[in-house]
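These notes are about the structure you will find just below.
Values quoted throughout were computed directly from the atomic coordinates according to the rules given, and no laboratory measurement underlies them. Nothing here was measured: the structure is a model prediction, and the numbers come from that model. As a convention, Cβ positions derive from the backbone with ideal geometry for all residues, glycine included, and neighbour counts pool all protein chains shown.
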Amino acid sequence: MSVAPKYILHSPLSNEALLEEFVENALRANGSLIAVVGMGCERIEDIIDEIVVGDGQYEARRFIATTSHPDESYEEVFEFVELYDFGQDGVIHEVRL
């Protein structure tokens, strides 16, 4: 069984219209985490949560953990993401939209 990919999303986004497609792709890839870092990251995390929840119908396949890190450096967030899932090795994707 492969380990789920994890994502570090940089905020602010240059094109917020790409966010929904990114989230849907992360869900299809069975991603385990989207950690948002940078200015405005809390708002972006809220939008991601809304995309995941969708129409409110529970679907187990539509789960991904989200975190925002407004006062942390990229290095601190990267360390957190590395250790997420109890430190299982997994691909970490750095994303800029």
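Structural remarks
- Placing pseudo-labels 7 Å out from each Cα toward the beta carbon at residue 39 and residue 75 gives an inter-label distance of 2.2 nm.
- Residues whose placed amide H lies under 5 Å from that of residue 9, excluding near-sequence neighbours: 35, 36, 37, 95
- Longest exposed-site-free window of the chain, the sites being trypsin sites (Lys or Arg not before Pro) in a DSSP loop that have at most 13 other C-beta atoms within 10 Å: 1-60
- The chain, helix-only ellipticity at 222 nm - DSSP H runs n ≥ 4, -39,500 (n - 2.57), divided by all residues, nearest 500: -10500 deg cm²/dmol
- Measuring max minus min along each principal axis, the C-alpha atoms of region 18-89 give extents of 35, 29, 18 Å (largest first).
- Span-like helix ranges in the chain, DSSP H, alpha carbon extent 15 angstrom or more, Kyte mean at least -0.5: 41-53
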